[in-house]
Amino acid sequence: MKTEYFPAGERGVKDMGWLKSNFFFSFSDYQNPLRSAFGTLVAFNDDFVMPGKGFGTHPHVNMEIISILLKGKMNHKDSMGYSTKIEADGVQIMSAGEGLRHEEYNIGDSDVNFLQIWITPKLQNIAPRYQQRSFPRAKRKNRLATIVSSEEGQSHCWINQNTRISLGYYDLPGSVPYSLQPVNKCLFIFLISGTLKVNNQVLHPRDAFGIWEASEISLQHGEETEFLILETPINQK
């Protein structure tokens, strides 16, 4: 088993006033050659957006872009004709494929906090697609809930990559076993809130931990703990 600890305090930071971003990997003005990606995961941003502000219409090509809303309310409009609203516990994914344009704005009365995740796609230049689902905390209490998967289904969002993302929320202390898929995978674990220990590494809120060359791990969590597990191919080919 190989591991890497990603302390929250070592993230890149960008403060534009209306937008405060925290980057685990090189993104925008933050460039760190030692942390450019983790397998096919090329961006994991912890973003805060003020009310009435957001991202104007802009393009993407050949990228899987996932937004996980932790707090607040945002809109979504794109060149495919979608015009939706996403609220806390909502997840949206875009397969940019051969190209699309979109915008997102904070349409609520308080700050939005969302995770922006970029993953390189398995197939290039596919037809763009958009999907959105909600995963209320009450319905995923004390279990790992799959929110994104390479397998199509009605209970999660589909991704154009051999990737799985799970959210766990636990109100009492305990442990969670996790088995990796056997084909060339790595794990990126992000602690949203509470306490978590992975492979004897204690995580604090907004820390992350990477694992590869492993088949099974155990996570020890405290009470009122929420975390994300992202399992994805370790090679970007």
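Between Lys71 and Ala37, the distance separating the two model label sites (each 7 Å from Cα on the Cα→Cβ line) works out to 3.2 nm.
Take the chain with all the other protein chains still there, run a 1.4 Å probe, and you get 45 Å² of accessible area per residue. Placing pseudo-labels 7 Å out from each Cα toward the beta carbon at Asn125 and Lys139 gives an inter-label distance of 3.8 nm. Here mean projected area of the Cα convex hull in nm² was computed from the coordinates, and among (1) 17.8; (2) 16.2; (3) 12.1 the match is (3). Given Ile93, Met1, Leu167, which one lies farthest toward the positive end of the charge dipole of the chain, if we put +1 on the Cβ of every Lys and Arg and -1 on the Cβ of every Asp and Glu? About the Cα centre, the residue reaching furthest to the positive side is Ile93. Want the number for Gln220 to Ile107: 0.36 nm per residue separation, take away the alpha-carbon distance, what's left? Separation in residues times 0.36 nm, less the Cα-Cα distance, equals 37.0 nm.
Taking only protein heavy atoms and a 1.4 Å probe, the accessible area of the range 2-79 is 54% carbon and sulfur.
Across every direction, the projection of the convex hull enclosing the Cα atoms of the range 1-106 has a mean area of 7.9 nm². With N as its number of residues, the range 85-163 has a Cα radius of gyration that, divided by 2.2 N^0.38 Å, comes to 1.20. For the chain, a simple Cβ point-charge model (Lys and Arg +1, Asp and Glu -1, everything else neutral) yields a dipole of about 260 debye relative to the Cα centre. Shown for the range 133-209 is the translational diffusion coefficient from the Stokes-Einstein equation, using the Kirkwood radius over Cα pairs, a temperature of 25 °C and a viscosity of 0.890 mPa s: 176 µm²/s. Its residue count N fixes a reference of 2.2 N^0.38 Å for the range 147-188, and the Cα radius of gyration divided by that reference is 1.36.
In the range 97-237, carbon and sulfur make up what percent of the accessible area (probe 1.4 Å)? Accessible surface attributable to carbon and sulfur in the range 97-237 totals 46 percent.
GNM remark for the chain: springs join alpha carbons under 10 Å apart, and the peak mean-square fluctuation among Val148, Val13, Val91 falls on Val13.
The values are calculated or read from the model by the stated rules, or taken from the named source; none is laboratory data. These numbers come from a predicted model, not from an experiment. Don't worry about glycine lacking a Cβ; one is built from the backbone with ideal geometry, like all the others, and counts go over all protein chains shown. Accessible surface is based on the protein model in full, side chains and every heavy atom, while ligands, DNA and RNA are left aside. Shrake-Rupley method; radii C 1.70, N 1.55, O 1.52, S 1.80 Å.
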